[in-house]
Structures are given as structure tokens and as C-alpha cells.
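Written out below as C-alpha cells is the structure these notes cover.
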Amino acid sequence: MSTQASTKAFKEAQTLIPGGVNSPVRAFKSVGGIPIFIKEGEGAYLTDVDGNKYVDFVQSWGPLIFGHRDASIEKAVIEAVKHGLSFGAPTLAETELAKLVVSCFDSIDKVRFVSSGTEAVMSAIRLARGFTGRDDIVKFTGCYHGHSDALLVEAGSGAVTFGNPSSPGVPADFTKHTLLADYNDIESVKKCFEDSKNIACVIIEPIAGNMGFIPAQKRFLEELRALCDIHGTLLIFDEVMSGFRASLNGAESITGVKPDMLTLGKVIGGGMPVGAFGARNEIMAMLSPEGPVYQAGTLSGNPVAMAAGFAALTKLKEDTELFSTLESRAMKLVEGMKKAAQAYGVEIQINAIGSMFGFFFNENEVLNFADAQTCDAELFAKFHAYMLEKGFYFACSLYETGFISTAVTDAMVDETIKATASFFKEQSNG
Ligand SMILES: Cc1ncc(COP(=O)(O)O)c(C=O)c1O
């Protein structure tokens, strides 16, 4: 496989853009090698600037649940563009998408659109603080909620990949209200409530995808809900990644636990930059211009992005079998990988919900970030390089999640499993 053109492109990009990338995890730092520069995507495939083709299990880190260049999303975007790119004034498209989003979740009456997941979470936290009149927040080690200052503490994903759990440039004063607990460990949350009587909200990825793929245990979420109720603290489900990926109706439909607030991103924009946060009326009424909590955005509710999101969610809603079909395909993939690994004596932990899947090279069940850190990172890096060479594009960090799109066929899954088996065979031959 030649990567000459990508190598050249990366070299030039590095002279103009820090690290050659506009988001750190793209840089392949944790797996080594150079990032592949993409020329185009079509259905399940990516083609790079050297002409290599890959089955894409990253899908722009989640948004593209229908694969690349989905016809109905593309058509909706082109139609919207013909009417103008941005107005900075209300459009019908915003209300239409809001109606669709609100109809999917029992827990929210109103939603506000922003342009990224980071913005959605940052705004939701401000609203939670404004609503409760409290300052402290609880987050879980290994959960990632975007790169705003107060949340860049023990975050998973890119921040971990670089061994920078927090970042220089974030004053200690800005994170002193951020309390940390361990995922799937209710005692650690109780400890936070003992330490502070001033907790505005607990924020969690109910189906975590930024320390590898680790769904929260149902019992843990139930206990978390109960604790928040006792203390008058808001529970925020950050479903920027899992929203419209694990199911149409959020983690609340899978676990039965309802949050007070919800943050969304990725799929909600169908590939365009959209984030959102929502809550019941009483909470949303605190938001400007209805209430005193300020939040704004020049391009928020952008009409082209709204059109893409509306097309994507409409399509998701129409196919009632979609998530079960994707889940069985994702399960088939990880079960096949597990069988292939075990045949050569490699232990691997697997999981899949809806169109999200994950695997850890680990002997024991992975329930939290500490467990995830005991995985064989070296083996993962070798796996990543081997699969890339064979035409399978997996996320370039073991702390990420895999995604299946509707464009990925059973035959592609079989091919992926076959390549996995040959990887483990090669490893066992030394
Ligand atoms: C759970 C979660 N929250 C927030 C974010 C931040 O979203 P964005 O990258 O759109 O700012 C991400 C990004 O991956 C995420 O996975």
C-alpha cells in the first residue's frame, strides 16, 4: 500500500496547522504512523489521496450513520444551499428539527441548537448551574464532554491518548468546581455528595465511547438517578456520541433511567456541524432570551445543517428495524473478532449497542477507565496498522468506539473478521 501522497500532504499540513491536524486524535499519535489524508467517501468506503480504499468504521467519529454521501441527506443539503447559507434569523427548518428531536425523548420538552458537542455540553452545564444556583459539577474519569475548560479533567479519548488528562492553559481555579467519580462505581459518587453540598449536576456518558466502548450498568444509572433526586442535583446524559447511534430514543429507552438534561451532537447534524441540548420546560425557561442564563451562537441553527439533520433523523425514524439490524451486524463483527483472537490465545472483551461497538485486548471485563488502561495498547497499535494496510479503517486510538453504518454489508463484516484472523495468525507466528 502506498501512502506517498498522504505523507507529502501531512508534511505540508504540519508546516501550517499544529500537528498537521485540526483535531488531535486524527494525528495517529497513539498508534504510530502518519494519518491518512482522505479524498472522498462513498457508502461504506473511504478513498485516500493515494487511491487506497478502506471500509470505514470511524464515520467521521460517529455522525455518518448512513455512510458517506447518503442520497437523501445530500439532496436536502443541496436544496437548502439554494436558498442561502445562513441568515442569523429564525427559519422553519429549526422548528422542524426541534419537533423531530423532542419527539424522540421523553425527558425533554425543548431543545436549543448549537454548532458542536462541546458547545452543547458547556451550555448545558451553565444552564444546570443557573437553574440550581449551585457551582459544583460531578464528571466521571474517562468520560469526555468536549474541550471546554471545566470539563477537560481526566477526560478520555484524545486527552488520554496524549497523556494529558488535563491541559495546560486551564487555570486550576476553572476546574476546582469539577469533582471526579469513577464510572460504574456508585460509592465514588456518594463520596462526591459527602464532600460537597453544592452540586449542580452530574454529567455522564450513559453509554461511554471515549475510554473505549463501555456502557454504564443499569443498576448504576438507577442509583445515580436516585442520588441526584435526593440531593436536588440535575442528571445530565451526554449523548453527543450515543444519541441516535445506540438507539433512536436515547439511553433512557435502553436503561429506563431518565435524565433531567440531554446533550446531543454528531448524528443530529447528519454530517454537518450541529449540537443540541434539551431539558424539561421548567429548566429550559431559564435560558436566554426567556430567562437569565445567557447562551448564543452566530451560526446556531444554521439552515443547511438543520436540513442535513432533519433528513438524517427522518430516515432513522422511518426504519423501525434499523437499530436492531445494525446491532446484529455490529455484534457479528465483534463476536467474529473474538473468535479469531481466541483461536490464537488472545483474550478480548467485546460489546455492541445499536450501531456502536468496541473491543479491548484484555482478559477481564472492562467497567471503567482504570480497567481500560490495563489493555494491551501495543497489540492495538499493531492491529490498527495491519487492518489499515488490508483496507479497514478503525479509530486510531484504543480509547475510541467503532461505528457501523447502514452501508456496511454482512459481506464486508465477513471480510473484516477474516483480516482480523490473519492478523492474529501472523502475531502468533511471531
Ligand atoms: C460524549 C461526547 N460529548 C461531547 C463531545 C464533544 O463534541 P464535539 O467534538 O462536537 O465538540 C464528544 C466528542 O466526541 C463526545 O463524544
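For the reader, a short list of remarks on this structure follows.
- Per residue accessible area in Å² of the chain, where ligands, DNA and RNA are left out and the probe is 1.4 Å: 42 Å²
- Stokes-Einstein D (µm²/s) once Rh is taken as the Kirkwood radius of the range 301-430 over alpha-carbon pairs, at 4 °C in 1.567 mPa s: 81 µm²/s
- With Cα atoms, 0 to 90° folded angle of helix 218-231 axis to the chain main axis: 20 degrees
- With Cα atoms, 0 to 90° folded angle of helix 92-104 axis to the chain main axis: 80 degrees
- Rounded to the nearest 20, the size of the Cβ-charge dipole of the range 263-361 about its Cα centre is 240 debye, with Lys and Arg at +1 and Asp and Glu at -1.
- Our analysis of the range 244-285 gives Rg over Rh at 1.01, with the two radii drawn from alpha carbon positions and Rh computed by the Kirkwood formula.
- For the chain, the longest principal axis of the alpha carbon atoms and the long axis of helix 322-343 meet at an angle near 50°.
- Largest mean-square fluctuation among MET337, MET412, MET306, in a Gaussian network model of the chain whose springs join Cα atoms under 10 Å apart, belongs to MET412.
- Euclidean distance of C-alpha centroids, the range 261-313 and the range 384-406, integer Å: 30 Å
- Calculated on C-alpha atoms, the gyration radius of the range 37-84 divided by its Kirkwood radius gives an Rg/Rh of 1.06.
- Think of each Lys and Arg Cβ as +1 and each Asp and Glu Cβ as -1; about the Cα centre, that makes the dipole of the chain roughly 600 debye.
- Working value for the chain: equivalent-ellipsoid semi-axes of 33, 26, 21 Å, each the square root of 5 times a Cα gyration tensor eigenvalue, largest first.
- Among LEU16, LEU316, LEU179, residue whose mean-square fluctuation peaks in a GNM of the chain (springs only between Cα atoms under 10 Å): LEU16
- Euclidean distance of C-alpha centroids, the range 15-34 and the range 328-382, integer Å: 25 Å
- Here the Karplus relation 6.51 cos²θ - 1.76 cosθ + 1.60, evaluated at θ = phi - 60°, turns the backbone of the range 279-286 into coupling constants of 6, 6, 3, 4, 6, 5, 5, 7 Hz, with x for every Gly and Pro.
- Alpha carbon convex hull of the range 80-204, projected area averaged over orientations, nm²: 10.5 nm²
- Candidate cross-link partners of LYS339 among the aspartates and glutamates, defined by an alpha-carbon separation under 16 Å and a same-chain spacing of 8 or more, comprise GLU347, GLU363, ASP414, GLU415, GLU426.
- Applying a DSSP loop filter and a limit of 16 other Cβ atoms within 10 Å to the trypsin sites (Lys or Arg not before Pro) in the range 224-303 leaves ARG280.
- Share of carbon and sulfur in the accessible heavy-atom surface of the chain [1.4 Å probe, %]: 52 percent
- Along the range 114-125 the Karplus relation, 6.51 cos²θ - 1.76 cosθ + 1.60 evaluated at θ = phi - 60°, assigns HN-Hα couplings of 10, 10, 7, x, 4, 4, 4, 5, 4, 6, 4, 5 Hz to successive residues, with x for each Gly and Pro.
- Each Lys and Arg Cβ is given +1 and each Asp and Glu Cβ -1; about its Cα centre, the range 1-101 then shows a dipole of about 280 debye.
- For the range 1-147: rounded, prolate or oblate by the Cα gyration tensor [a/c cutoff 1.5]: oblate
- Distance between the C-alpha centres of the range 72-109 and the range 35-71: 25 Å, rounded to the whole angstrom.
- Lys/Arg +1, Asp/Glu -1 at C-beta; the chain dipole; positive extreme among LEU333, VAL77, LEU316: VAL77
- Farthest positive-ward along the chain dipole, Cα basis, beta-carbon charges - from ILE186, PHE237, PHE220: PHE237
- Tensor-based shape of the range 141-274 (alpha-carbon gyration tensor, a/c under 1.5 rounded, otherwise prolate or oblate): oblate
- Interchain or long-range residues, amide H under 5 Å from PHE113's placed H: none
- Heavy atoms of TYR393: accessible area, 1.4 Å probe, square angstrom to 10: 40 Å²
- Here the chain carries DSSP beta bridges of which approximately 55% are antiparallel, counting only pairs with both residues inside.
- Only Cα pairs under 8 Å and 6+ residues apart enter the sum, and on that basis the relative contact order of the range 8-109 stands at 13 percent.
- Selection from VAL366, PRO171, GLY19 lying farthest towards where the dipole of the chain points positive, charges on Cβ: GLY19
The values are calculated or read from the model by the stated rules, or taken from the named source; none is laboratory data. Source: prediction; values computed, not measured. Methodologically, a virtual Cβ is constructed for each residue, glycine included, from the backbone with ideal geometry; neighbour enumeration extends over all protein chains shown. Ligands, DNA and RNA are excluded from the accessible area calculation, which covers all protein heavy atoms including side chains. Shrake-Rupley method; radii C 1.70, N 1.55, O 1.52, S 1.80 Å.
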